[in-house]
Amino acid sequence: MAGSRLRQLEEEVRRCTRCPLHATRTHAVPGEGPGEAGVMVVGEAPGRMEDRLGRPFVGPAGKLLDSLLELAGLSRGEVYITNVVKCRPPGNRDPREEEIEACLPYLVEQISLIRPRLVIAVGRHAGRTLFRLAGLRWPGLARARGRVWRGRIGGVELLIAVTYHPAAALYNPGLRGELERDFSGFIRRSVAEALSRG
Ligand code: URA
């Protein structure tokens, strides 16, 4: 059953030693949510709170994400939330290419098992990675935002929506309005389109 393989995969992530990040993490953060979900959210990498608790988006960026999901008509419990990289990079530095590479098979298998119809990529790293997996040319965050893209990842046909990372709005409050517009606008419409497709 897909659900039991997903839980087994989450356990594998918790024990993972595929890249050097395992040596500095407190907890790996596989992701959480229903075993089959119409919508998946993909962030960059765990931060300090996530590393401490082993759960995705539980710090300040996570609180903002919860309210943004509501603007899109979603509650946190109905989406699967994960990250491109499952362990915290020291000091929250950007993940390195080789760390992303080592971790990607987990994300691809999560997508194959969860079979989301829509993936919401928050931030440049998540957007760029999902485009690469879907075989789409990455046009940069500014151009990727504002519309929905179609792709196939891990054998699953899906829609991809890209927006800023919620953490960016914590450093640059001007971005909060943009994020709210994205979640209540094109992302809300993408959710409706994705969930209406049978
Ligand atoms: N930022 C992310 O990209 N992911 C988390 O889980 C938390 C903060």
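Comparing region 1-77 with the 2.2 N^0.38 Å rule of thumb, its C-alpha radius of gyration ratio is 1.18 (two decimals). Probing with 1.4 Å while keeping every protein chain in the model, the per residue accessible area of the chain equals 45 Å².
Would you work out which of 108, 9, 179 lies farthest towards the positive end of the dipole of the chain? Charges go on Cβ: Lys and Arg +1, Asp and Glu -1. Sorting the options by dipole projection puts first 179.
Estimated at 0.36 nm per residue, the fully extended path between residue 36 and residue 8 surpasses their Cα-Cα distance by 8.6 nm.
A simple spin-label model places pseudo-atoms 7 Å from Cα toward Cβ; at residue 94 and residue 71 they are separated by 2.5 nm. Connecting C-alpha atoms closer than 10 Å in a GNM of the chain, tell me which of 94, 66, 182 has the biggest fluctuation. Looking only at 94, 66, 182, the biggest GNM fluctuation is shown by 94.
Computed with the Debye formula from one identical point scatterer per Cα of the chain, without solvent, the log10 of I(q)/I(0) at q = 0.09, 0.16 Å⁻¹ comes to -0.28, -0.98.
The values are calculated or read from the model by the stated rules, or taken from the named source; none is laboratory data. None of these values were measured; they are calculated from a predicted model. We place every Cβ from the backbone using ideal geometry, glycine too, and count neighbours over all the protein chains shown. Quick note on the areas: whole protein, heavy atoms, side chains included, nothing else; ligands and nucleic acids left out. Shrake-Rupley method; radii C 1.70, N 1.55, O 1.52, S 1.80 Å.
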